[in-house]
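The block underneath contains the structure these notes are about, expressed in structure tokens.
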Amino acid sequence: MTLNTLGSDFVILLPLTFLLGWASLLLLVDLFVPQERQDTMPLLAVLGLVATIVLSIMQAGQSAWAFQGMAVVDGFSTFFNVLFAISGLVGVALAYDYLRQMDLARNTYYTLLLFSVGGMMLMSAATDLIVIFLALELLSIPLYVLSGFARPKGESEEAALKYFLLGAFASGFLVYGIALVFGATGTTSLAGVVQAVHGGALLNPMLFIIGAALMLIGLGFKVAVVPFHMWTPDVYQGAPTAVTAFMALGAKAAGFAALLRIFLTAFPQVSADLTPVLWVLAALTMFLGNVVAIAQRNIKRMLAYSSIAHAGYLLMALVPYGQQGLSGDVSASLLFYLVAYALSNFGAWAVVMVLERQDDQGLGLDDYAGLGSKSPFLAACMTVFMLSFAGVPPTLGFVGKFYLFRTVLQGGFVWLAIIGVLTSLISAYYYLRVVVIMYMRDGDPQTHPAPWLRWTAGVMAAGVVALTFFGGPLFNWASQALLTAF
Amino acid sequence: MDFLTHPLNVVTFFPLLGVLVILFLKEEQKNTIRWVALITSLIAFGISLAVLVQFNAANPDLQMSINLPWIQVAGWNIHYFLAVDGLSILLLMLTTFLTPISILSTWTAIDERVKDFMIFFLLLEVGMTGVFLAQDLFLFYIFWEFTLVPMYFLIGIWGGPQRMYAAVKFFLYTMAGSLLMLLAILWLGINQGTFSVPELIAKGGIPADVQLWLFVAFALAFAIKVPMWPLHSWLPDAHVQAPTAGSVILAGVLLKMGTYGFIRFNIPLFPQAAVKAAPVMAALAVIGILYGAAVSYAQEDVKKLVAYSSISHLGFVMLGLFALNEQGIQGAILQMINHGLSTGALFLLVGMIYERRHTRIMDKFGGLWSIMPIYGALTLIVSLSSMGLPGLNGFVGEFAILLGAWGAGDAGGVLGSHYYAGFAAIGVILAAVYILFMFQKLFLGPITHEENKKLSDLNWREIITLVPLLILIFWIGLYPKPFFGLMAPAVGKVIALVHGAVMAALP
């Protein structure tokens, strides 16, 4: 670990520092852009995100510490930087049409979105528990505000408050966990924790395990793992759909980035205690998410439970994290699946937004009846996303699940894998129901023209299918996005 | 360029070209769409004939293989691997042969959303062809699961009144079995380091107890597809609700994917487990034969009768496969083709009368022979073929299977008892009962319903649809030697593997 001057620290974390600086700048610019001019801010946000992507890609293959070991640039953080910045771009594209069709267009939206992306990026780069906590707040607080963006609509305000209160509660668990780990090891830096555990300098092993478990709870809230998922359906349903789409991927991916980095570097020694916990949580999440989704008649709630279930599949691949030689596969399969999930997730929500009308009209499953003949393009895209969620070939969701199950089987957890495939079967039922309704029932669904939403859906669907067959680069990228070892 | 012009790639993916053309046509240009689909599938059949010409029947191994590294990162060893051998060549031909016939049968029957229908149908052909050619388990699984999607739409959009229920049931049942197979595939990939089927066979060395688990996981996927008793309950629903062309392909090809899976994967990959499981599989097969026949007899709806008869016929195929001797397996493969031809033809015939009369209840008919003599004559031939009359195709396959099962019942054979063959033979008699009973109800006796008097006999298009099937029915019945010749060396190779396993199991 070398000491850098402060200036070079900013350069090392350039994608992140640039984005946060740009977001702060936009905060000021916002004051001078009249509310009627609705194109300026999204355009500036897109410019900032594109520059961030370019800066991140320029860092590919590099590896360096910053701020005295509090953050790091490595393949892992670069992967997530690109993923989050692209999510931000999609978030802008989705919001641009959606906010106008719902009469919500306000320029602050894009600034908040950029700050949240910045928080996510910091989350994947943080190597100090305190920085992880800061990053979590930086990504969450803009999301709390965005959830309430549709005020004075009651559901939206409720969603914001619920998300805020439960999020704050979860942060409490995380901070308390960090405090206990600090108590057990005398440091908050991950490198220090690793040294303490390896060097036998663990002051109190019991405290360490309890601290680790509490941190798992705190992050489990963020990624919506059962039984910490209670907020998800209400928040996903109440928040403006563009926010939901962004949050469903962004917050989950950021949470898993932190989980991966902490668990794979600092906690392998306590895997004997944590693996059974992860096993049970993953199994519960997959089961409950998928079973409860069957009962939903509102597409936003259904997708909310589906997102809970997917947190379960991701967590499933984390179960063998402590095994020698498997950490690369654990991380690569999770990263790969996050990309697969991102594409289907954004695409599916884009279709939902094309059909959503004011006052929560157009969100019932029955509102999709007849979409197959009325709008074959949207219906075909939605079918691709549903099949991908269910893990049916030839979609990226299938390849992603294949990778996850491979990791689990390599770890020797055959029963967990069997629970995984059986719950996939359950999930196929409610995903297919959407397809049944679209193609096999008559109806007259109303759609918005929304060119950006349609483009997003089309591009995502093409990606989901094409990457199944030509996914080589994505495989390489995910398997080379390595965590820096300490 | 080699990749794009490789005959197996062309035969698999050529229908996509038709899909592309159809995408650019308008829904109103119904006839153009139909012609494009028909010509596409005819060309695909032509290409498969070219494959057949190049095929060397004397070679027991995989031929014309195209084997390229596909996904090679992180210890994955997945190849894009297509090849054909004696086990699959006939099924490849059956697929490309039945597709144009099915498309021709929809000419007037499908008049709504013709564009979507033809797109799904051609996509289905891609999936089915891929299943029979893929030699890498990952690639195979992709094709295998992919066939569900177009079939699901074919049943769900163009099917009968209960179509949505039938479509979802079909999808979920099949997927349930496939998912456990997926885990078994992953186990093989992780522990054997390859997904390539010939490499896995050559490598061998899977402990006997693990073999049994893997065998069960694969067998479940395939047994649901076949379907074997007691996993058959999706089949009557799917068949009865599917449109005629869907039923033809479902019975003709999709069910064969299950039996093909047994001969391609279960038996060669897990020979010790196959020998151990043979009596159980054969017993289930015999139950299926008798159960299918008995339930067929009780049906009032002709289409349901044909659907249940499929369970009985595929029971014969399974019995032949798990006799694990030359006659049994050869008979089983031939019987796969026979069932595709006869049952395919029966579904076409049922579809033709349904199009005219909009009912399939047997009591609504009677005395049709005098009104529709051509229809009656053709139905008679196909029915006799289905019940296994000597001189027609069904007899050859069933006879070989029964011989095989009898041989396996000798001391030292895998079944060890002649009861299997004995009870299966009763199934042949029952088949004659339910089929002749059906024929009598439909065609003989006085005309009991006034509406039936106005029914028109078959037109030229319908006759052309059936004639190719009839030619093959007679050909296989009278001179089956070339068909056996195509498969014999490859079957011999499988038998050798099984013998090796029996020897290895001896103390």
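Where a number appears in this text, it was derived from the coordinates with a stated rule and is not lab data. Small disclaimer: the values here were computed from a predicted structure and weren't measured. Because the Cβ atoms are built from the backbone with ideal geometry, glycine has one as well, and the counts that use them run over all protein chains shown.
Annotations for the structure displayed:
- Inter-chain neighbour count for B:109-118: the average number of beta-carbon atoms from partner chains within 10 Å of each residue's beta-carbon is 1.
- Per-residue Cβ neighbour rank within 10 angstrom, fewest leading, B:499, B:313: B:499, B:313
- Among B:10, B:105, B:162 - extreme Cα towards positive end, dipole of the range B:1-260, charges at beta-carbon: B:162
- Shielding by partners - mean other protein chain Cβ count within 10 Å, residues of B:130-142: 1
- Simple Cβ-charge dipole of the range B:1-260, Lys/Arg +1 and Asp/Glu -1, about Cα centre, in debye nearest 20: 380 debye
- Shown here for the range A:272-352: trypsin sites (Lys or Arg not before Pro) in loop regions (DSSP other than H, G, I, E, B) with at most 14 other Cβ atoms within 10 Å, namely A:297.
- Residue range of chain B that is longest and free of GluC sites (Glu not before Pro) which are both DSSP loop and sparsely packed (at most 14 other C-beta within 10 Å): B:301-507
- For chain A, calculated [θ]222 nm from helices alone, where every DSSP H run of n ≥ 4 adds -39500 (n - 2.57): -25500 deg cm²/dmol
- Highest to lowest packing among A:403-412, A:154-163, scored as the average C-beta count within 10 Å: A:403-412, A:154-163
- Projected area, mean over directions - chain B, Cα convex hull, nm²: 22.4 nm²
- Look at where the Cα atoms of the range B:456-470 and of the range B:79-136 average out, and the two centres are 21 Å apart.
- Equivalent ellipsoid, the range B:46-160 (semi-axes from 5 times Cα gyration tensor eigenvalues, Å): 30, 20, 9
- Total formal charge among the other residues, if their Cβ is under 12 angstrom from that of residue B:492, Lys/Arg +1 and Asp/Glu -1: -2
- Each principal axis of the range A:317-462 carries a Cα extent, and these read 55, 29, 28 Å when sorted largest first.
- Hull volume in cubic angstrom per residue (convex hull over the Cα atoms of the range B:1-260): 131 Å³
- Taking the convex hull of Cα positions in the range B:270-507, its mean projected area over all directions (nm²): 12.9 nm²
- Lys/Arg +1, Asp/Glu -1 at C-beta; the range B:11-154 dipole; positive extreme among B:41, B:127, B:78: B:41
- All other residues whose Cβ lies under 14 angstrom from that of residue A:391 are scored, Lys and Arg at +1 and Asp and Glu at -1, for a net of +1.
- Mean Cβ neighbour count within 10 Å, used as a protection proxy, ranking A:371-379, A:110-118 highest first: A:110-118, A:371-379
- Charge dipole of the range B:270-507 about the Cα centre (unit charges at C-beta), most positive-ward option of B:429, B:387, B:472: B:472
- Peptide B:175-188 - average C-beta neighbours from other chains (10 Å radius): 5
- The tail of the calculated P(r) for the range A:6-480 beyond 40 Å holds 14 percent of all Cα-Cα pairs.
- Counting only Cα atoms, the size of the range A:232-391 along its three principal axes is 56, 26, 23 Å, in decreasing order.
- Debye, to nearest 20: dipole size of the protein assembly as shown, +1 on Lys, Arg Cβ, -1 on Asp, Glu Cβ: 940 debye
- Dimensions in Å of the range B:175-327 - Rg and Dmax from alpha carbons: 16.3, 53
- The value given for the protein assembly as shown is a Kirkwood hydrodynamic radius of 30.1 Å, derived from the mean inverse Cα-Cα separation.
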